[in-house]
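**Student:** The structure that follows is given in the form of structure tokens.
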Amino acid sequence: MEEKLKKIQQDYINKISSSKSLKDLDIIFIELFGKNGEVDQLSRQFKDLAKEDLKIVGSLFNLIKQELEKTISTKREEIKARVYKGLEDETFTFQHQVLEAKKRKGHLHPVTQFENEIVKLFNKLGFVQADAPQIDTDFNNFEVLNIPAEHPARDMWDTFYIDKSSNTQTTNHKLLLRTHTSNSQIRILKNNKPPIRMMTLGRCFRYENVDARHEHTFEQFEIVYVDKGVSMANLQFLSEYFFKSILGKDIKARLRPKYYPFVEPGVGIDATCVFCKGSGCKICGNIGWLELAGAGMIHPKVLEAGGINPKEYSGIAWGVGPERMAMLKYGIEDLRLLKSGDLNFLEKF
Ligand code: PHE
């Protein structure tokens, strides 16, 4: 086991030091620390070790793990510094002239630009914007959406809870940072009469391990459409309308069964992979499709909670992550860049 650990240590130190881009490092990070990564697999073998061996191997394991994490983050900084330096050298002379000529002019953040585009798209179909708070009750974020306390589905949406002692409201419900824009659903349903066409946009939060594709703070966009005779066909149409408008005319949408407690049936919505156009590549895992949205027919219990008779009306709810879409559209490799506040990056948009 010690041998194995040392080999992994050596191999990965070499790999890390010869990696050239942030993407290389992300791949290495996942190989090491991801689910079923080297670290995960090794630690699973610990149970077969004798107690004395475990002591030695365990502490060696921790040391090596820390060393690898540190080496990756040092390398990450090194690559970043090099990339930015390169950019600076190239653009310095030019920028200098421009700056002298006029003061630097700001512009909207790429995600904001992109979100404005999405809002416009759905405005055209008659959807209007609704709002819901980023700090909300456990009830609005979970319970009314058919996710009671202790429901296993809560694990997918684990979040940050507000300390009770700092909670000045006299509510029995715990306050939390909302995990999705679906907390707007109950408000939209309660405050409006069908036909309802509304959309919500905004910041959401999750207790998440941050990497190139996951952030603890991120954006979601969601629509709620309720009327007589609304069906899965509307879902298919709206998804395809959205994907084609944003990613190109050749992009199709497909619905796959997926479980969300507040819709029935629920679907994951895939778009044709924008990189291989469906033939299968590394990024889509050779499937030819990328999962981009979650949706479904609003659960009768949720409609009822919103004061709408599910026998008379049906509705769909549909949500996407604008940042993930923006990454695909603009070819951004690392989600973390979007919140870096780094002008070298932001000024490219
Ligand atoms: N709220 C879900 C999520 O964050 C997405 C979703 C929205 C699913 C609407 C179904 C209907 O994962």
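**Student:** Can you compute the modelled spin-label distance between ALA153 and ASP342, with each label point 7 Å from Cα toward Cβ, in nm?
**Tutor:** Here the answer is 3.8 nm between the modelled labels.
**Student:** With point charges of +1 on the Cβ of Lys and Arg and -1 on the Cβ of Asp and Glu, referenced to the Cα centre of the chain, which listed residue (ILE30, PHE114, THR181) lies farthest in the positive direction of the dipole?
**Tutor:** So the residue we want is PHE114.
**Student:** Cα axis of helix 51-101 to longest principal axis of the chain: angle in degrees, 0 to 90, nearest 10?
**Tutor:** 70
**Student:** A further question on this structure: Kindly work out what percent of the DSSP beta bridges joining two residues of the chain are antiparallel, to the nearest 5. Walk me through the numbers on the way to the answer.
**Tutor:** Details: 40 of 43 bridges.
If we restrict to bridges inside the chain, about 95 percent are antiparallel.
**Student:** What Rg and what Dmax come out for the stretch 110-339 when only alpha-carbon atoms are used, in angstroms?
**Tutor:** 17.5, 56
**Student:** Leaving ligands, DNA and RNA out of it, rank ILE135, ILE269 by accessible area with a 1.4 Å probe, largest first.
**Tutor:** Working: ILE135 90, ILE269 0 Å².
From most accessible down to least: ILE135, ILE269.
**Student:** Here's something else I'd like to know. Compute the acute angle (0 to 90°) between the alpha-carbon long axis of helix 2-18 and the principal axis of greatest extent of the alpha-carbon atoms of the chain; round to the nearest 10°.
**Tutor:** 80
**Student:** In nm, to one decimal, how far is the LYS244 label point from the THR74 one, both placed 7 Å along Cα→Cβ?
**Tutor:** Using points 7 Å along Cα→Cβ, the separation is 5.4 nm.
**Student:** Which length gain, in nm to one decimal place, applies between GLU2 and GLU312 when the Cα-Cα distance is subtracted from 0.36 nm times their residue separation? Show your work: numbers first, answer last.
**Tutor:** Numbers: separation 310, 0.36 × 310 = 111.60 nm, distance 6.68 nm.
Going from the current span to full extension adds 104.9 nm.
**Student:** Could you give the size of the charge dipole of the chain about its Cα centre, using +1 on the Cβ of each K and R and -1 on the Cβ of each D and E, expressed in debye and rounded to the nearest 20?
**Tutor:** 760
**Student:** Sticking with this one: Between LYS252 and LYS329, what is 0.36 nm times their sequence separation minus the Cα-Cα distance? Round to one decimal in nm. Walk me through the numbers before you get to the answer.
**Tutor:** Values: separation 77, 0.36 × 77 = 27.72 nm, distance 1.51 nm.
Between LYS252 and LYS329, full extension yields 26.2 nm more.
**Student:** Taking R0 as 22 Å, what's the FRET efficiency between LEU108 and LYS23 from their Cβ-Cβ distance, rounded to 0.05? Write down the numbers at each step before the final one.
**Tutor:** Details: r = 26 Å, r/R0 = 1.20.
The value I calculate is 0.25.
**Student:** Sort SER239, SER18, SER314 by heavy-atom solvent-accessible area, probe 1.4 angstrom, most to least. Working shown, then result.
**Tutor:** Numbers: SER239 0, SER18 70, SER314 30 Å².
Result of the area sort, largest leading: SER18, SER314, SER239.
**Student:** Still on this structure, I have one more. Label-point separation (nm) for ASN116 and PHE139, each offset 7 Å from Cα along Cα-to-Cβ?
**Tutor:** Going by the 7 Å Cα→Cβ label model, 3.8 nm.
**Student:** Please give the peptides 73-82, 181-190 ranked by average Cβ packing (other Cβ atoms within 10 Å per residue), highest first, as a rough proxy for protection.
**Tutor:** Packing proxy ranking, top to bottom: 181-190, 73-82.
**Student:** Ignoring ligands, DNA and RNA, how do ARG206, ARG197 rank by accessible area with a 1.4 Å probe, largest first? Can you show the working numbers first?
**Tutor:** On the way: ARG206 40, ARG197 95 Å².
Ranked list, largest accessible area first: ARG197, ARG206.
**Student:** Nearest 10 degrees is fine. How inclined is helix 22-33 to the longest principal axis of the chain, computing both from alpha carbons?
**Tutor:** In the chain, helix 22-33 runs at an angle near 90 degrees to the longest axis.
**Student:** Cross-link list LYS65/LYS85; LYS120/LYS228; LYS124/LYS258; LYS120/LYS329: which exceed 19 angstrom alpha carbon to alpha carbon? Each step should come with its number before you reach the end.
**Tutor:** Numbers: LYS65/LYS85 30 Å; LYS120/LYS228 25 Å; LYS124/LYS258 29 Å; LYS120/LYS329 17 Å.
Beyond 19 Å between Cα atoms: LYS65/LYS85; LYS120/LYS228; LYS124/LYS258.
**Student:** While we're here: Of ASP334, ASP136, ASP250, which is the most mobile in a GNM of the chain whose springs link Cα atoms less than 10 angstrom apart?
**Tutor:** ASP250
**Student:** Could I ask something else about it? Under the Cβ-under-4.7 Å rule, which cysteines of the chain stay unpaired?
**Tutor:** CYS204
The values are calculated or read from the model by the stated rules, or taken from the named source; none is laboratory data. Because the structure is a prediction, the values reported are computed rather than measured. Glycine also receives a Cβ, built like all others from the backbone with ideal geometry; neighbour counts cover every protein chain displayed. These accessible areas exclude ligands, DNA and RNA; they are computed on the full protein's heavy atoms, side chains included. Shrake-Rupley method; radii C 1.70, N 1.55, O 1.52, S 1.80 Å.
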